[in-house]
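Reading through the structure tokens given below for one structure.
What follows is calculated from the coordinates using simple rules that are stated; it is not laboratory data. Since the model is a prediction, treat every value here as computed from it, not as a measurement. Virtual Cβ from ideal backbone geometry, glycine too; neighbours counted across all protein chains shown.
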Amino acid sequence: MRFSEIFIPTLREAPAEAEAVSHVLMLRAGYVRQLASGLYIYLPLAQKVMQRINKIIREEMDAIGAQEITMPALHPADIWQKTGRWSAIGDEMFRLKDRGKREMCLGMTHEEIVTWLASMEISSYRNLPQIWYQIQSKFRDEERPKSGILRTREFTMKDSYSFDRDEKGLEENYQKHARAYHNIFNRCGLKFYQVESDPGMMGGAGAHEFMAPSPVGEDTVVLCRECGYSANTELARSTPHAHHIEEEWKLEDISTPQKRTVTEVSGFLKINPQFFIKSLLLIGTDGPFLALVRGDQELHEKKLHKLVGDFRAAEKAEIKEILGVEAGFIGPYGNTLKKIADISLKEGVYIAGANKEGFHTKGINPHIHFDAEWHDIHTAKEGDRCHKCGTEIQVEKMIEIGNIFKLGTKYSEPLNAVYLDENGKEVPIIMGSYGIGPARIAAAAVEQNHDKDGIIWPQSIAPYDVEVIPLNIDDADVKSTAEILYTALKESGIEALLDDRDARPGIKFKDADLIGIPWQVIIGKKTLQEGFVELKSRRTKETEKIAPPDVAEKIRELLVN
RNA sequence: CGGGGCGUGGCGCAGCCCGGUAGCGCGCCUGCUUUGGGAGCAGGAUGCCGGAGGUUCGAAUCCUCUCGCCCCGACCA
């Protein structure tokens with residue numbers, strides 16, 4: 001393609017609204033433009049990148065036997081009503097009515113639709129297993145779209161769905177997807193991790209996320225370099241590092257006037273927060289109970305929710321009523337409330353509220369002074385130890401680029417997607433659902449591959465393989481060499497962008513670096529008189545002199561590796 | 001849903017407090033010169049100052065309402 005014939009509106013300065021590096025660069029390099037909050041237009045270069053990403057996705061999906069289909073983006077409400085998600089999902093779903101006043105929505109995902117299809121068409125175990133996938137638009141009325149194309153209200157997603165007779169089949173298809181995803185993200189040149197994740201409202205038995213490390217990521221992931229444990233902090237387990245005090249603490253109430261929070265009391269007594277018990281009075285479905293975590297830890301509400309179901313924080317008046325003292329002085333010692341304590345409190349001696357206005361109790365020994373159910377209910381953080389091998393864990397921000405879910409029968413049961421087994425017995429289909437965000441692959445690739453001058457695309461998903469840059473097209477030799485090389489490259493099956501603009505060298509260099517095509521062939525008058533052109537790596541900026549006839553061959557070699 | 005910020009030529013911004021002819025840089029157009037890292041000179045075009053009301057002789061500027069966008073937190077199927 002010729003630069004003069006492709007629309008690449010580069011910007012010298014970054015628009016003020018962009019914050020994330022990938023957003024700034026994709027705007028500046030002329031890849032995308034914003035239509036409205038969370039709605040983006042993909043310009044020609046971005047379109048090329050997306051096509052290359054989607055090609056890789058299709059190849060790997062096809063390789064595991066997945067079959068591409070296309071489902072509507074516009075859905076009738078009744079199917080969503082049958083699974084309960086019509087009401088379970090709130091404002092995040094775009095809803096509308098058709099001319100007949102029938103309720104409709106724009107699909108946020110396609111479990112309902114694909115399960116409806118399965119319920120209509122699959123009747124026998126002979127029809128199973130199946131994997132169906134599509135690359136389709138999804139709509140989510142995000143409360144806060146952000147970071148350019150990372151979190152938008154309309155986006156394309158590769159979503160696939162597996163249908164099996166039993167758990168064993170599901171497990172096979174789940175692992176097939178995991179392998180396909182590894183191939184896809186590796187081929188796209190991303191650094192990524194497969195981590196355990198919370199199935200959330202997708203429901204079901206198990207889930208993993210594929211995460212690309214980046215400071216603009218919205219998820220936090222716990223990693224153990226030693227044993228490989230990796231999990232989203234929304235469920236990650238860890239063992240907070242145990243601390244021991246030298247001196248013996250005897251059980252005593254100490255005066256802590258007006259000191260309520262752990263930070264205040266810890267500062268007042270000059271004792272580290274890890275020797276405190278943070279006591280939270282919560283109201284569950286069976287009444288009030290205390291949740292206890294170590295002073296330097298945070299309660300993980302999702303973990304607690306899994307243990308006890310719905311709960312809420314007690315109000316001020318309730319605390320006074322139940323414990324006879326105001327928040328800030330409550331503690332586990334000296335009451336018979338049900339207690340759920342974090343495992344980090346199992347050992348050691350602690351200070352906690354004395355359930356007495358203005359006092360804390362020092363010397364509380366968990367096994368002697370109170371009973372509790374022991375669980376991991378803290379939020380894993382940097383410095384904690386791996387719960388599997390004891391190594392210090394690391395915590396990193398990451399972009400979610402894909403996920404895989406074991407759904408089980410969550411959708412097949414309500415939508416009556418069943419098959420008859422060999423015995424003529426009706427059995428619900430076991431399902432899995434698997435997503436990839438192609439735009440997030442692109443954004444993550446830019447986040448992970450850029451420098452001060454612009455984007456550095458991984459070869460496989462770059463909009464073009466090579467950019468040919470004649471520095472002065474007024475020079476007949478330079479111009480004709482560029483044309484000859486451009487043609488030769490094309491004939492070798494290499495996708496080339498020829499900067500045929502009548503522009504100064506500086507502009508061409510700057511634009512080329514911004515756009516980020518991995519190889520540049522620079523044709524300058526002086527070097528050409530010596531019989532050479534230059535081949536430059538966008539990433540390393542290293543330059544090699546090559547005779548023009550050898551260029552196509554050399555680049556083909558580079559692309560293979 | 002809480003908190004903060006911003007809307008002025010295509011882009012980045014100043015002007016707003018203290019009301020009085022709408023400015024700067026970049027980009028764009030024309031000509032000449034230039035050509036290895038965003039050129040120089042000369043000339044030129046482009047603004048319902050987000051929108052609606054109000055105050056005033058007069059509003060980009062003051063007041064009220066509204067719409068949009070961004071950031072932090074919460075949420076995220």
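Please identify the GluC sites (Glu not before Pro) of segment A:486-555 that satisfy two criteria: DSSP loop assignment and at most 14 other Cβ atoms within 10 Å. Which are they?
Details: sites: A:491, A:495, A:530, A:534, A:542, A:544, A:553; in loops: A:495, A:530, A:542.
Answer by residue number: A:530, A:542.
As an exercise, identify the GluC sites (Glu not before Pro) in segment A:1-51 lying in DSSP coil whose Cβ has no more than 16 other Cβ atoms within 10 Å. Don't skip to the end; give the middle numbers.
Values: sites: A:5, A:13, A:17, A:19; in loops: A:13, A:17, A:19.
Sites meeting the loop and neighbour criteria: A:13, A:17, A:19.
Determine the dipole magnitude for segment A:252-375: charges of +1 sit on the beta-carbon of Lys and Arg, -1 on that of Asp and Glu, nothing else is charged, the reference point is the Cα centre, and the result goes in debye to the nearest 20.
Approximately 200 debye in magnitude.
Straight-line reach from residue A:302: which lysines fall under 26 Å, measuring Cα to Cα and dropping same-chain residues less than 8 apart?
Result set, ordered by chain and number: A:146, A:278, A:316, A:338, A:339, A:346, A:381, A:388, A:397, A:406, A:410.
Note down the magnitude of the dipole of segment A:427-534 about its Cα centre, charges +1 on Lys and Arg C-beta and -1 on Asp and Glu C-beta and zero elsewhere, to the nearest 20 debye.
300 debye
Determine the distance separating the Cα centre of segment A:76-151 from the Cα centre of segment A:152-200; give it in Å without decimals.
18 Å
Please tell me the relative contact order of chain A in percent, rounded to the nearest whole number, where contacts are Cα pairs under 8 Å and at least six residues apart.
17 percent
Dipole size in debye (nearest 20) for segment A:41-123 around its Cα centre, Lys and Arg Cβ +1, Asp and Glu Cβ -1?
Dipole magnitude for segment A:41-123 comes out near 380 debye.
Which helices, taking whole DSSP H runs in chain A, have alpha carbons extending 18 angstrom or more along the helix axis plus mean Kyte-Doolittle at least -0.5?
A:476-491
Counting Lys and Arg as +1 and Asp and Glu as -1, what is the net charge of the other residues whose Cβ lies under 14 Å from the Cβ of residue A:382? It would help to have the intermediate numbers written out before the result.
Details: positive: A:225, A:381, A:385, A:397; negative: A:296, A:298, A:384, A:392, A:396.
Its environment carries a net charge of -1.
May I ask you to derive the relative contact order of segment A:252-375, considering only C-alpha pairs under 8 Å and at least 6 residues apart, and to give it as an integer percent?
Across segment A:252-375, relative contact order equals 29 percent.
List A:4, A:492 from most exposed to least, where exposure is judged by having the fewest other Cβ atoms within 10 Å.
Taking fewest neighbouring Cβ atoms as first place, the list is A:4, A:492.
Can you find, among A:456, A:404, A:442, the residue sitting farthest towards the positive end of the charge dipole of segment A:399-500, where Lys and Arg contribute +1 and Asp and Glu -1 at Cβ?
With unit charges placed on the Cβ atoms, the residue in question is A:404.
Between A:74, A:173, A:368, whose Cα lies farthest towards the positive end of the dipole of chain A when Lys and Arg beta carbons carry +1 and Asp and Glu beta carbons carry -1, centred on the Cα centre?
Value: A:74.
Let me check I've understood the local charge: for residue A:96, count other residues with C-beta under 12 angstrom from its C-beta, Lys and Arg +1, Asp and Glu -1. What total comes out?
Net charge in that neighbourhood comes out at +2.
Just in segment A:239-296: which GluC sites (Glu not before Pro) are loop by DSSP and have at most 15 other Cβ atoms within 10 Å?
Of the GluC sites (Glu not before Pro), the ones in loops of segment A:239-296 whose Cβ has at most 15 other Cβ atoms within 10 Å are A:246, A:247, A:248.
Is the shape of segment A:464-560 best called rounded, prolate or oblate, per the rule: a/c under 1.5 gives rounded, else a/b larger than b/c gives prolate, else oblate, with a ≥ b ≥ c the square roots of the Cα gyration tensor eigenvalues?
rounded
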